[in-house]
1. Per-residue HN-Hα couplings for segment 132-144, Karplus 6.51 cos²θ - 1.76 cosθ + 1.60 at θ = phi - 60°, whole Hz, x for Gly and Pro?
2. Along its three principal axes, how long is segment 1-67 when you only count alpha carbons? Whole Å, largest extent first please.
3. Among the listed pairs Lys28/Lys149; Lys28/Lys56; Lys28/Lys164, which are separated by more than 24 Å between their Cα atoms?
4. What accessible area per residue comes out for segment 1-63, rounded to a whole number of Å², with a 1.4 Å probe?
Amino acid sequence: MSNTSFRSRLIGLQTNLLNFAIVLTSNKDDAYDLLQDTTLKALDNEEKYTDNTNFKGWVFTIMRNIFINKYRRMMRAATIIDTSDDLYQLNLPQNSGFDSPESSFAVNEIMGAIQAFPTEYRVPFSMHLAGFRYSEIAEKMHLPLGTIKSRIFYARQNLRSTLKDYQQ
């Protein structure tokens, strides 16, 4: 394949590549960065492409591999390694929600809003927050499963409307 033919085919795939990048990253700016990295890598490895292979598949594989490598690198960077002698940092909560006075105020306001719910909504919602499954809540409260689900749903809606200032 000639140099100009390779580049014109690559340029023709830019829209499809951008759509795939948006699906992978869920962020338009990151998608543009991924598209640029993919295009540069494809151009750098032009001599490795053979004419009798699927060009679109080759380029999409490059994009997918770049995305996976960046994701793995990001996950390794986010891993916390405890180098203390007795590993005491492993038992510390990483984010308790009380890092700042503002967040402790927010937690108190959220808990106050939950406590203000009528009992029939507060109890199933609190149990759900504590980790109980819908079926377990229904069994403990001797109510139908659908009733529990709708009460938790309404409690969530009420909490959202009460705390709409915290939504972004």
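The values are calculated or read from the model by the stated rules, or taken from the named source; none is laboratory data. Values in this document were obtained by computation on a predicted structure and should not be read as measured data. Please note that ligands, DNA and RNA were not included when accessible areas were found on the heavy atoms of the full protein model with its side chains. Shrake-Rupley method; radii C 1.70, N 1.55, O 1.52, S 1.80 Å.
1. The phi angles translate into 6, 7, 4, 5, 5, 5, 4, 5, 5, 8, 6, 10, x Hz.
2. Over segment 1-67, Cα extents along the principal axes are 34, 19, 17 Å.
3. Lys28/Lys149; Lys28/Lys164
4. Ligands and nucleic acids excluded, the result is 61 Å² per residue.
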